[in-house]
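Taken together, the values in this text are just the output of simple stated rules run on the coordinates, not laboratory data. Just so it is clear, the structure is predicted and the values come from calculations on it, not from any experiment. Cβ placement follows ideal geometry from the backbone for every residue including glycine, while neighbour counts extend to all protein chains displayed.
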Amino acid sequence: MILVVDVGNTNITCGVYEGKELKATFRINTKTQRTSDEYGAIFSQLLSMKDLSLKDIEGSIIASVVPDVMHSLVGGIVRYTNTEPLLVGPGVKTGIKITTEDPRGIGADRIVDAVAAYEKYGGPILVIDFGTATTYDYVTVQGQFAAGITAPGIRISSEALGKAAAKLPNIEIKKPKSILAQETITSMQAGLMYGQIGQTEYIIKKVKEETGLADMKVVATGGLGRTIADETDTIDIYDSTLTLDGLRIVYEKNRR
């Protein structure tokens, strides 16, 4: 079995694969400072809840956009699984050619999303990840990562409202029954959710327009991705495990 780890700005999302089968997933908070022993203990406990053990792990791979956690995280995986994790970055085989002006500036999470989308659904394809940031990445029919768009995620926008406007509360992020809000909380929810839906539809429209690919497939992933995907017909597929699948695919390409 292999352990795949996606280190995002908000959560560290982990999966365990046996072959192509995803046997277990779990999340932990990214922002908490931990030692390598604490990571080992957390992984051991969470795996045991899935009837798995650290002894089952034969290989590991990490995609990270948070450098500060890497020393302890890698140390914990090395010590407690006896595997040296593959780190997604320059020099790692992905099957995707990055043709943007600054290939090294593309986040590892976006790379593995693109890998999974292209391998599973083919190209051309637009990959949307509704995470801390909302990212839109265009992969050509030849498997080239050709362009990317980055926007604030829904949670970032919500937190910004709460911090910048003293009288606005922290709210649950969900779509209200109507955009015609009658009080503060639902007015914020309406702005956040309908605003995200509108942004999504417009960016998809512009990408298709500028590429000339009106039939380009659109796949979405990320924590709030299903909520948005359910509200628009511009998203063709919602794939909750896209990032984890991408990590597995990259691991297999490099193991071979």
Place +1 on the Cβ of every Lys and Arg and -1 on the Cβ of every Asp and Glu in the chain, take the dipole about the Cα centre, and give the residue among 61, 46, 98 whose Cα lies farthest towards its positive end. 46
HN-Hα J in Hz across segment 226-233 - Karplus 6.51, -1.76, 1.60, θ = phi - 60°, x for Gly and Pro: 5, 4, 6, 4, 6, 9, 9, 8
Restricting to bridges with both residues inside the chain, how much of the DSSP beta-bridge set is antiparallel, in percent to the nearest 5? 60 percent
Sort segment 97-141 into rounded, prolate or oblate with this rule: let a ≥ b ≥ c be the square roots of the eigenvalues of the Cα gyration tensor; rounded if a/c is under 1.5, and if a/c is not under 1.5, prolate when a/b is larger than b/c, oblate otherwise. oblate
Only four residue types carry charge here, +1 at the Cβ of Lys and Arg and -1 at the Cβ of Asp and Glu. Report the dipole size of segment 134-245 about the Cα centre in Debye, rounded to the nearest 20. 440 debye
Would you please classify the overall shape of segment 13-62 from the alpha carbon gyration tensor, given that a ≥ b ≥ c denote the square roots of the eigenvalues, rounded means a/c under 1.5, and beyond that prolate means a/b larger than b/c while oblate covers the rest? prolate
Plugging the Cβ-Cβ distance of residue 84 and residue 255 into 1/(1 + (r/R0)^6) at R0 = 22 Å yields, to the nearest 0.05, a FRET efficiency of 0.95
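If you average the sequence gap of Cα pairs under 8 Å that are 6 or more apart and divide by the length of the chain, what percent do you get for the contact order?
Details: 446 pairs, mean separation 45.5, N = 256.
It comes to 18 percent, rounded to a whole number.
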Could you check what % of the DSSP bridge pairs in segment 97-240 are antiparallel, to the nearest 5? 60 percent
How large is the charge dipole for segment 1-145, taken about the Cα centre, if only the Cβ atoms of Lys, Arg (+1) and Asp, Glu (-1) carry charge, to the nearest 20 debye? 60 debye
Please report the spacing between the Cα centers of segment 1-37 and segment 200-246 in Å, no decimals. 24 Å
Residue span residue 35 to residue 185: 0.36 nm per residue of separation minus Cα-Cα distance leaves a gain in nm of 50.1 nm
Label-point gap, in nm, between residue 120 and residue 28 - each point 7 angstrom along Cα→Cβ: 2.5 nm
State whether the chain is rounded, prolate or oblate according to the following rule on the C-alpha gyration tensor (a ≥ b ≥ c being the square roots of its eigenvalues): a/c under 1.5 gives rounded; otherwise a/b larger than b/c gives prolate, and the remaining case gives oblate. oblate
So what are the ³J(HN,Hα) numbers for segment 200-206, from phi and the Karplus equation (6.51, -1.76, 1.60; θ = phi - 60°), rounded to whole Hz, Gly and Pro as x? 4, 5, 5, 5, 4, 4, 5
Which ³J(HN,Hα) values, rounded to whole Hz and listed in residue order, are derived for segment 94-111 from phi using the Karplus coefficients 6.51, -1.76 and 1.60 in 6.51 cos²θ - 1.76 cosθ + 1.60 with θ = phi - 60°, glycine and proline given as x? 10, x, 10, 9, 8, 10, 6, 5, 10, x, 5, x, 7, x, 4, 5, 5, 5
Among beta bridges that DSSP assigns inside segment 49-182, antiparallel share in %, nearest 5: 75 percent
Multiply the residue gap between residue 93 and residue 177 by 0.36 nm, knock off their C-alpha separation, and tell me the result in nm, one decimal place. 25.6 nm
Tell me the mean residue ellipticity at 222 nm calculated for the chain from its helices only (DSSP H runs of n ≥ 4, each -39500 (n - 2.57), averaged over every residue, nearest 500). -12500 deg cm²/dmol
Using +1 on the beta carbon of Lys and Arg, -1 on that of Asp and Glu, and nothing else charged, what's the dipole of the chain about the Cα centre, debye to 20? 240 debye
Extension gain residue 104-residue 164, at 0.36 nm per residue separation less the Cα-Cα distance, in nm? 18.3 nm
